[in-house]
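Report on the following structure.
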Amino acid sequence: MGTLGSRMQASSQDPEEEVETACASGKHGCECRKRKRTAHCDCDSEPDEEDALLDTPRRKKLKSTSKYIYQTLFLNGENSDIRICALGQEWNLHKVYLCQSGYFSSMFSGSWKESNMMVIPLEIPDQNIDTEALQVVFGSLYRDDVLIKPSRVVSILAAACMLQLDGLIQQCGETMKENVSVKTVCGYYSSASIYGLDSVMKKCQEWLLNNLMTHQNVDLMKELGATPVNCKSLPSSKLPREATADVMEPLIQSSDLFVMQVEMDVYTALKKWMFLQLNPSWDGPIKQLLADADTWLCKRRTELGEEEPFLKTEDGAPFTPVFRHVRLQYIINDLASARILERDNILPPDWLTSVYKSQWFAMLRTEHDNDNGPQDANKEEFESSSMRCGRKLTKDGDYCWRWTGFNFGFDLLVTYTNRFIVFKRNTLSQPCGGAVSLQPRRHLAYRLRLASFDNSGKLVCSRSTGYQLLTLEKDQEYVVMNLDSRLLSFPLYVCCNFQYTSPHMDRRPDAPEPESSTRSVS
């Protein structure tokens, strides 16, 4: 009863006493919040929270500060202690702000005569710099952020480089990389090479490797190679050799070039490009370009009586370094393509003779020396001499194809179905128009890449197998890639590099002759 009575007595306490007791039980935790309040709680937790809120600093950017400095000091030029004159315009500026520039910092801190001058005339040798660019660059010294239009970035970059403003140079580079497109890529690449922005040059090269053949464009072909520094006023036929080849040569040389169809299409693209460089006034649809280029070459041969290869002429010589990187061994393996090379008479005969000889010996090694293909990793050889080919898949569906040309009896079928890409070594199961190797096993080095692009040519998604070695038996299939449907975007571009034969090192002249492989029959 005593216990029960004490409980009943405790429960009959006044509500205010109950609240006060609970509040006194702990300084940091107010138990009254867990109960239904019938009276005001005077615990010290709420005042602490209010005090904390009052003591918390509120960060608010004063909009007037930056704008005031820019408007009053830069635009109005108040309290200016130096005047800069350039390109017929004057800026009333302040030395303390100009010293953010490495150019002016050196000028004012050294023993230069300008260090004590109140008016400084600036010589602007760079034609890319104009008054609008100088306005932006000088203004950037008085504000925290600068908005750079992609159409104005080259001029601003030129001015920033002259005045040695590293932060602004970096911002220009980022702007250029974010806005590479068919309209800007050549100008950005040329400017990046002038002002030493290697990352921008790399970005432009990547864009060109992806889009040169997948999205052929007449205006782009006209610009490529014909707008190097100090050569804009020269006709294309008078350009120095290194100028014309400056952009195109590394593209055609690269194994990363997204080739559509086969190597013959690389040669055809170069033929169209060369025609446009020498005939910049040509204006017509892209579908008519090849026919007009062929007609132009034929006219030179007939009307001008040119018998020597075009690359040996004065007009053709600047294009020689670019054509050097066409992988002719994958063109002469197709009869129709080989005949076009002979008809065009662009390439010197000795180029073709050496390739014919090399391919003949490669075929003999395959047939008589048991060369079943590459078995050891040789990435350097693969990069420099692999077959380049590609295909455009316009929409999701089932596709099966082979690339034309004689590949030493290796008839490779490529299938895209159910989001799988499959290689098959065809020997007996499917018809083939050429000779097929019946060797039990054949080896293959390959790399397969997939990509899709947006309207500006930027990569939307991409996949790559990397450099791989593969052995296939007769009619064997191999799943090369399993694609995630969530990452697929059509049209989808498939690009492959292949190497069907082993890299061959020529026998030394002093090496002994091999023994004859013939034997008598009893």
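For Arg441, the accessible surface of its heavy atoms amounts to roughly 130 Å² (probe 1.4 Å, protein chains only, rounded to the nearest 10).
Rounded to whole numbers, the Karplus 3J(HN,Hα) couplings from phi for the range 459-473 are 5, 8, 8, 7, 9, 8, 7, x, 6, 9, 10, 9, 10, 10, 8 Hz, using 6.51 cos²θ - 1.76 cosθ + 1.60 with θ = phi - 60°, and x at Gly and Pro.
By how many nm would the segment from Ser385 to Asn76 grow when fully extended, if each residue of separation counts as 0.36 nm and the alpha-carbon distance is taken off? Display every interim value, and only then the final one.
Working: separation 309, 0.36 × 309 = 111.24 nm, distance 6.33 nm.
Taking Ser385 through Asn76 to full extension adds about 104.9 nm, to one decimal.
Scanning residues 5 or more positions from Thr427 or on other chains, those with amide H under 5 Å from its amide H are Asp475, with H placed 1.01 Å from N in the peptide plane. Simple spin-label estimate for His215 and Ser485 gives 2.8 nm between the two label positions (7 Å along the Cα-to-Cβ direction from each Cα).
Using a 1.4 angstrom probe on the protein heavy atoms only, could you order Arg339, Arg391 from most to least accessible area?
On the way: Arg339 155, Arg391 65 Å².
Greatest to least solvent exposure: Arg339, Arg391.
Can you put Met118, Met201 in order of accessible area, largest first, using a 1.4 Å probe? All intermediate terms of the calculation are to be shown ahead of the outcome.
Values: Met118 120, Met201 45 Å².
In descending accessible area the options line up as Met118, Met201.
Cross-link pairs exceeding 21 Å between alpha carbons, from the set Lys222/Lys287; Lys392/Lys424; Lys177/Lys287; Lys202/Lys312; Lys95/Lys149: Lys177/Lys287; Lys202/Lys312; Lys95/Lys149. Among the protein heavy atoms, those of Leu73 account for about 30 Å² of accessible surface (1.4 Å probe, every chain in place).
Across the range 283-292, coupling constants 3J(HN,Hα) worked out from phi with the 6.51/-1.76/1.60 Karplus curve, θ = phi - 60°, read 9, x, x, 4, 5, 8, 5, 5, 4, 5 Hz, and Gly and Pro carry x.
Each Lys or Arg adds one and each Asp or Glu takes one away; over the other residues whose Cβ falls under 10 Å from the Cβ of Leu290, this sums to +1. Per-residue surface analysis assigns Arg419 an accessible area of about 90 Å², computed on protein heavy atoms at 1.4 Å probe radius. With contacts taken as Cα pairs under 8 Å at a separation of at least 6 residues, the range 381-477 carries a relative contact order of 24 percent.
Computed from point charges on the beta carbon alone (+1 for Lys and Arg, -1 for Asp and Glu), the dipole magnitude for the range 81-202 about its Cα centre is near 120 Debye. Distance between the 7 Å Cα→Cβ label points at Leu87 and Ala435: 6.7 nm. In the range 277-365, the portion of solvent-accessible area held by carbon and sulfur atoms comes to 55 percent [1.4 Å probe, whole percent, DNA, RNA and ligands not counted].
The values are calculated or read from the model by the stated rules, or taken from the named source; none is laboratory data. What you see is a predicted model; the values in this text were computed from it and never measured. Please note: Cβ atoms are built from the backbone with ideal geometry, for glycine as well, and neighbour counts cover all protein chains shown. Remember, those area values only see protein heavy atoms, side chains included, never the ligands or the DNA or RNA. Shrake-Rupley method; radii C 1.70, N 1.55, O 1.52, S 1.80 Å.
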